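The values are calculated or read from the model by the stated rules, or taken from the named source; none is laboratory data. Bear in mind the structure is a predicted one, so any value in this text is a computation, not a measurement. Note that each Cβ is placed from the backbone with ideal geometry, even for glycine, and that neighbours are counted across all protein chains shown. Note: accessible area is taken over every heavy atom of the protein model, side chains too, but ligands, DNA and RNA are not part of it. Shrake-Rupley method; radii C 1.70, N 1.55, O 1.52, S 1.80 Å.
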Amino acid sequence: MTVKATNGAALGSAPTQAVVQKLQDVDASKVVVTLAESLKPVPPPEELVFGQTFTDHMVMVTYDPVNGWGTPEIKPYGPISLDPASSIFQYSTSAFEGMKAYVGPDGKPRLFRPELNMLRMKRSTARIALPAFDADELLKLIKKLVALESRWIPNLKGHSLYIRPTIIGTRPSIGVRASDHAILYVICCPTGPYFRTGPKPVSLLAVGEQVRSWPGGTGEFKLSINYTPTFHPQQLAAEKGYDQCLWLLGEDSHITEAGAMNFFVVVKRDDDHLDVYTPPLDGTILPGLTRASVLTLAAAHPGQTTLPYLPHTLKLHTHERLITMTDLFSWHASGHLTEIFLVGTAAVVATVGRVGFGDKVLEAPKCEGGLGPVARALYDRLTDIQEGKVEFQGWSVPIDA
Ligand SMILES: *Cc1c(COP(=O)(O)O)cnc(C)c1O
C-alpha cells in the first residue's frame with residue numbers, strides 16, 4: 001500500500017520545499033469585539049464580595065502549535081469548553097496575574113505599573129513551558145477591555161476593578177510533557193476595600209512544616225500550583241483562630257511571606273530612625289509590585305517624597321534581608337519592634353496584630369485605626385498614586401478610551 005501525502009512529499013523523505021511558517025504572536029490590532037446582548041446590573045459597591053461578580057466581557061486568545069496565537073477576541077463573559085484530558089486539568093499548567101484599574105479624578109480608568117505585571121506573567125509562563133506571547137500586546141488588550149468595562153469600576157476611595165489575566169495549557173493529552181496548546185484570557189471583577197469596615201490588624205499562624213516555597217522551586221512565580229498546597233494549612237490556621245499563615249522556611253525558621261502577601265517588619269534604631277526589613281528575592285519570594293513600590297516609597301522618604309503623617313526628620317532605612325522568628329521575637333522583647341505589615345495588590349497594606357509560633361504568641365504593638373504609622377503612610381500614599389491623586393514616577397497609567 002502506498003500512502004501519498006497531500007502535498008506530494010513521500011512519507012519519510014524531506015519535503016521538497018520546506019515551508020517555514022512563522023508562528024503568529026498576539027496582535028491586539030486584530031481584536032474582534034463581540035458585545036454582550038444584555039448587560040448585567042452593576043451591584044451596589046457595598047454588596048461586592050471579592051472575586052464573585054464578573055463583568056460583561058472577557059479577553060480570549062488561543063494558541064496552537066501550527067498557527068501560534070490566533071485572533072484576539074473580546075467577547076461576552078462565559079464558560080470555556082475544554083477536553084477532559086487538557087493539560088490544565090491534569091498537570092495544572094496555569095499562571096496568572098492580579099492587577100487593578102482605578103478611576104482617576106478625571107474619570108479615566110488607570111492602571112498601576114501594569115508593565116511589571118506583564119513582565120512577571122511572561123516569566124511565570126516560561127517557567128511552566130507554556131507558549132510565549134508579546135506582553136505589550138496583552139497589555140493593549142487589557143486596556144481595551146478595561147475601557148469597555150469602565151462602568152464597572154466603583155468611583156469610590158479604595159474601590160477598583162480587579163483584573164485577572166490567566167494563561168492555561170490546553171494540550172488535549174495526558175502524556176506528561178509541556179502543553180503546546182494554550183488559552184490566554186482576562187476576566188475582571190469590581191472590588192471594594194479589602195477591609196470593608198476599615199482596616200483591622202490580621203493575625204498570623206507561623207507554619208514551618210508545610211512550606212509554601214523552597215530553593216529551586218516555583219515560589220517566585222505566580223503559578224496556580226503555588227496556591228493549592230496552601231489551602232489545607234490555611235484551614236488549620238483558621239480553625240485555630242488565625243487569619244493567615246506566616247510561611248516559614250528552613251532550620252532557622254526564616255520568614256518568606258504571609259498568606260499571599262509580602263512581609264515587612266519595622267524596627268526602631270538606636271538613633272530613633274526606623275529600619276524597614278523585608279526578605280530578599282532569593283527565589284522563594286513572589287516579587288510583588290506592591291513590595292517593590294513600598295521599598296521605593298520608604299527609601300524616598302523624606303528626601304525625594306514625603307510620606308503623609310510621618311515626621312519630616314524621620315528616616316526609613318530599607319533592607320532586603322533574611323528575617324528569622326528569633327529576630328522577630330528578640331526585636332519584640334527589646335521593645336524595638338514597632339510594626340509588622342503585609343503588602344499586595346488585593347489589600348495594599350495590612351497591619352499584623354498577632355503572630356502565633358508553636359506555643360508562643362507575639363502581640364505586635366497596638367495601633368490606632370487598624371494600621372501602624374508606617375503602614376498607614378504607605379497605604380494612603382500608594383492608594384493616592386493608584387487613584388491618580390498623587391503623581392509619582394509615572395506609576396499610574398491612564399487609559400484613553
Ligand atoms: C500576588 C502575590 C503577592 C503580591 O504581589 P503584588 O504584585 O504586590 O500584588 C505576594 N505574594 C504572593 C504569594 C502572591 O501571589
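In the condition set (1) among the β-branched types (Val, Ile, Thr); (2) away from the ligand (no atom under 16 Å from the Cβ); (3) open to solvent by 40 Å² or more (accessible area, probe 1.4 Å), Ile225 is compliant with all but (2).
Here is a yes/no grid of residues against (1) within 19 Å of Pro201 (Cα to Cα); (2) in a strand (DSSP E or B); (3) within 17 Å of the chain's Cα centre (by Cα):
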position: Val265; (1), (2), (3): yes, yes, no
position: Val276; (1), (2), (3): yes, yes, no
position: Gly283; (1), (2), (3): no, no, yes
position: Leu286; (1), (2), (3): no, no, yes
position: Thr290; (1), (2), (3): yes, no, yes
position: Ser293; (1), (2), (3): no, no, yes
position: Thr305; (1), (2), (3): no, no, no
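Of all the criteria given as (1) in a loop (DSSP other than H, G, I, E, B); (2) closer than 24 Å to Phe341 by Cβ, the one not satisfied by Glu257 is (1).
Filtering Leu248, Leu161 for residues that are open to solvent by less than 20 Å² (accessible area, probe 1.4 Å), away from the ligand (no atom under 14 Å from the Cβ), touching a helix residue (DSSP H, G or I) at 6+ places or on another chain (Cβ under 8 Å) and farther than 30 Å from Tyr63 by Cβ leaves a single hit, Leu248.
The one condition from (1) open to solvent by 10 Å² or more (accessible area, probe 1.4 Å); (2) away from the ligand (no atom under 16 Å from the Cβ) that Val266 does not meet is (1).
For region 31-75, the tally of residues that are without any contact (Cβ under 8 Å) to a residue 24 or more places away in the chain, assigned to a loop (DSSP other than H, G, I, E, B) and not hydrophobic (A, V, I, L, M, F, W, C) stands at 4. When Phe392 is tested against (1) surrounded by fewer than 21 Cβ atoms within 10 Å (Cβ to Cβ); (2) assigned to a strand (DSSP E or B); (3) of a type in the set (Phe, Trp, Tyr), only condition (2) is not met. If the condition is being of a type in the set (Val, Ile, Thr) and within 12 Å of the ligand (Cβ to nearest atom), then region 228-245 contributes only Thr230. Residues of region 127-144 that are open to solvent by 70 Å² or more (accessible area, probe 1.4 Å) and under 17 Å from the mean Cα position of the chain (by Cα): Arg127 alone. The residues of region 286-309 that are touching a Lys or Arg at 6+ places or on another chain (Cβ under 8 Å) and either within 13 Å of the ligand (Cβ to nearest atom) or under 19 Å from Thr351 (Cα atoms) (or both), listed by number, are Leu286, Pro287, Leu289, Ser293, Leu297, Leu307, Pro308, Tyr309.
The set of residues in region 103-119 being more than 13 Å from the ligand (Cβ to nearest atom) and open to solvent by less than 10 Å² (accessible area, probe 1.4 Å) consists of Gly104 alone. Of all residues in region 270-303, those satisfying the criterion of being within 20 Å of Arg376 (Cβ to Cβ) and of a type in the set (S, T, N, Q) are Thr278, Thr290, Ser293, Thr296.
Checking the conditions here, which among Gly259, Gly283, Gly288, Gly303 is in contact (Cβ under 8 Å) with a residue 24 or more places away in the chain, farther than 26 Å from Asp243 by Cβ and not aliphatic (A, V, I, L, M)? Selected residue: Gly283, the only one of Gly259, Gly283, Gly288, Gly303 that is in contact (Cβ under 8 Å) with a residue 24 or more places away in the chain, farther than 26 Å from Asp243 by Cβ and not aliphatic (A, V, I, L, M). What are the residues in region 83-102 that are part of a loop (DSSP other than H, G, I, E, B), more than 16 Å from the ligand (Cβ to nearest atom) and among the polar types (S, T, N, Q), if any? Scanning region 83-102 gives a single hit, Thr93.
One residue is enough: does region 336-350 have a residue meeting the conditions modelled with pLDDT of 95 or more, within 23 Å of Tyr102 (Cβ to Cβ), surrounded by fewer than 17 Cβ atoms within 10 Å (Cβ to Cβ) and more than 16 Å from the ligand (Cβ to nearest atom)? The answer is no; no qualifying residue exists. From the list Pro398, Pro373, the lone residue that is outside the structural domain of Asp275 (by TED's automatic domain parsing) and under 26 Å from the mean Cα position of the chain (by Cα) is Pro398.
Consider region 356-383 and keep the residues that are among the β-branched types (Val, Ile, Thr) and closer than 25 Å to Leu289 by Cβ. The one that is surrounded by the fewest Cβ atoms within 10 Å (Cβ to Cβ) is Thr383. Checked against the criterion of being at pLDDT 95 or above, within 16 Å of the ligand (Cβ to nearest atom) and crowded, with 21+ Cβ neighbours inside 10 Å, the candidates Arg212, Arg123 yield just one match: Arg212.
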